[in-house]
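*Asks:* Provided herewith is a single structure, encoded as C-alpha cells, for subsequent inquiry.
The values are calculated or read from the model by the stated rules, or taken from the named source; none is laboratory data. What you see is a predicted model, and the numbers here were worked out from it, not measured in a lab. Don't worry about glycine lacking a Cβ; one is built from the backbone with ideal geometry, like all the others, and counts go over all protein chains shown. Accessible surface areas use protein heavy atoms only, side chains included; no ligands, DNA or RNA. Shrake-Rupley method; radii C 1.70, N 1.55, O 1.52, S 1.80 Å.
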Amino acid sequence: MLAEEKEMIDIKTVRKDFPILSREVYGKPLVYFDNAASSQKPSKVIDAISHYYEYEHSNIHRGVHHLSAEATEKHEESRKTIQGFINAKYSHEIIFTKGTTDSINLVAYSFGNKFINGGDEVIVSSLEHHSNIVPWQMMCEARGAKLKVIPINDAGELLLDEYRNLLSIKTKIVAIGHVSNALGTINPVKEIIAEAKKKSIPVLLDGAQAIPHLAVDVQELDCDFYAFSAHKIFGPTGVGILYGKENLLNTIPPYQGGGDMIETVTFEQTTYNELPHKFEAGTPNMAGVIGLKAAIDYVNEVGINNIDIAEHQLLEYATEQISVIKGIRLIGTAKEKASVLSFLVNDIHPYDIGTILDRMGIAVRTGHHCAEPLMNRLSIPGTVRASFAFYNTKEEVDVFINALKKAISMLS
Ligand code: PLP
C-alpha cells in the first residue's frame, strides 16, 4: 500500500515544478538537503508573485479603487486557503506575520502582558529552536516569571512524566515545537495538549517544521496557538502565520500599533480593529501572502498525506544507508521522526563534512541549528543535518552517501 501511495507523487514531474532543482553547483547536479532551513519554491509560487507585481499590486484595505479592492480580495482569499489547510474554525483566527519567530514573539508579548505575572511559569522543552525559547525568556524576565524545561531522553524524545510533574497552577502557557528542527522528533502534541487542558493551560505549537510534512488540524489538536513560516512550506520568505483561537485573540492586547489595526484614533485614546486586523499593523507583505496561497494550493494538489508518506520512505532509506557507515553516530533516534537526519562521524567536525559535501554539490546544514540548549544537553557542538522534502529522491540519497564516504576517508 505504501509503495502504491508513494507513486501517487510523480517525482519527475514534481521536480520540474522547482526550477532551482535543475541547476548545478561546482559543476555537479545540486542535491538540496537543507529543506529544514528553507525549502525551494515551485514555479507556481514564483509566477503568482510576479503576476501580482506585474498586474495586481496596490495597497490593500484602504483604497476605493479597483486595484486596491482586487488586491484586498486576493489577500483575504489567501487567509481562507490557510484556514482550510489547517482547519481553523474562522478565517479571522489566521493572522499574517513575518514568520514563525514573529508569531511566537507576538504571543509571548501579548499573552504575557495580559496573563503572566511574577512567580508564574512558562513551559518549553529541551528540543526547542531559539525562536521558541528567547521570546519566552524575554517575557519571563520582564514579568518576573520562570521558564521551565521538559527534559528529553538520549533518543531526543520528551519525557512525558517529567512534563506532567512540571504542570501546576503556576503554569500559564506551554510552548512546544511540533517537530524538532535539529533532530526531526515528532512530539506527541495531542497528549501534551490534553494534559495541559486538564488544568486549563493554553498551548502554543511551533509548527515551523511540521507544516511542510504533516497534515495539521488545529481544531482536532485543540491547540490555542499554532505558528509557522511560509518559506518552509515552499512559499516565500518574510511571511508567516499565527493561528489563534478566537476567544484568546480577542482577549490579548495588540502586539504593534499603527495603520489598519485601529478602529478610531484620537490623541486621547485609540480603539482597536476587530480580528484579524488588530494584530496586523501596517502595510502587510501582500506579495508574500499571495505567494503563500500559491504554495498551499500546490501542496494541496500534491497532497500532504502523499508528501508525508514519500518523505517517510526517504528518511527510512537514508537512515538505513547511513547507519552502516563506520563511525556514524545518529543524533536523534526517536521512534516518530520527520525528514531530518542529524549525525556526527567519529571526532570529525560537522563543518568539515559540510564543506566537502558542498564541493560535491550537496547542500546540508552544519552547526547547532539554533538549538544550543539541545546541543548542550547532548554534549555535542553541533551536527551535520540532511533534511528532506518530497522532491528529493533515493538517487540523491545514494549520491549523498557516496560523497559522505569520500569525505570521511579524506578527513580521517
Ligand atoms: N521554529 C523552528 C522549529 C524552526 O525550525 C525555525 C526555523 O528554522 C523557526 C522556529 C524560526 O522560523 P523563522 O526563522 O522562519 O521565523
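*Asks:* Have a look at ILE176, ILE150 and point out the one that is under 16 Å from the mean Cα position of the chain (by Cα), among the β-branched types (Val, Ile, Thr) and open to solvent by less than 10 Å² (accessible area, probe 1.4 Å).
*Replies:* Step by step, each of ILE176, ILE150 is checked, and only ILE176 is under 16 Å from the mean Cα position of the chain (by Cα), among the β-branched types (Val, Ile, Thr) and open to solvent by less than 10 Å² (accessible area, probe 1.4 Å).
*Asks:* With the range 59-163 as the region, which strands (runs of 3 or more DSSP E) entirely inside it contain at least 3 residues that are within 15 Å of the ligand (Cβ to nearest atom)?
*Replies:* Working: elements: 94-97, 121-125, 146-150.
Fully inside the range 59-163 and qualifying: 94-97.
*Asks:* Would you mind telling me which numbered condition in (1) out of contact with any Cys (no Cβ under 7 Å at 6 or more places or on another chain); (2) buried (at least 17 other Cβ atoms within 10 Å of the Cβ) HIS129 fails?
*Replies:* With respect to (1) out of contact with any Cys (no Cβ under 7 Å at 6 or more places or on another chain); (2) buried (at least 17 other Cβ atoms within 10 Å of the Cβ), HIS129 is out only on (1).
*Asks:* Just one of ALA208, ALA281 is outside any strand (DSSP E or B), within 14 Å of the ligand (Cβ to nearest atom) and closer than 25 Å to HIS130 by Cβ; which is it?
*Replies:* Working: ALA281 fails: within 14 Å of the ligand (Cβ to nearest atom).
So the residue among ALA208, ALA281 that is outside any strand (DSSP E or B), within 14 Å of the ligand (Cβ to nearest atom) and closer than 25 Å to HIS130 by Cβ is ALA208.
*Asks:* Moving on. Might you check whether a residue that is in a loop (DSSP other than H, G, I, E, B), among the hydroxyl-bearing types (Ser, Thr, Tyr), surrounded by fewer than 17 Cβ atoms within 10 Å (Cβ to Cβ) and free of Cβ contacts under 8 Å to residues at least 24 places away in the same chain occurs anywhere in the range 375-384?
*Replies:* Yes, that holds for at least one residue.
*Asks:* For LEU21, work out the one condition from (1) outside the structural domain of ALA281 (by TED's automatic domain parsing); (2) within 16 Å of the ligand (Cβ to nearest atom); (3) among the hydrophobic types (A, V, I, L, M, F, W, C) it doesn't fulfil.
*Replies:* LEU21 satisfies every listed condition except (2).
*Asks:* Then there's this: Return the total of residues in the range 338-373 being within 14 Å of the ligand (Cβ to nearest atom) and either in contact with a strand residue (DSSP E or B) (Cβ under 7 Å, 6 or more places away or on another chain) or free of Cβ contacts under 8 Å to residues at least 40 places away in the same chain (or both).
*Replies:* Total satisfying the criteria: 7.
*Asks:* Would you pick out the residues in the range 399-412 that are open to solvent by 60 Å² or more (accessible area, probe 1.4 Å) and closer than 15 Å to GLN321 by Cα?
*Replies:* Matches in the range 399-412: VAL399, ASN402, LYS405, LYS406.
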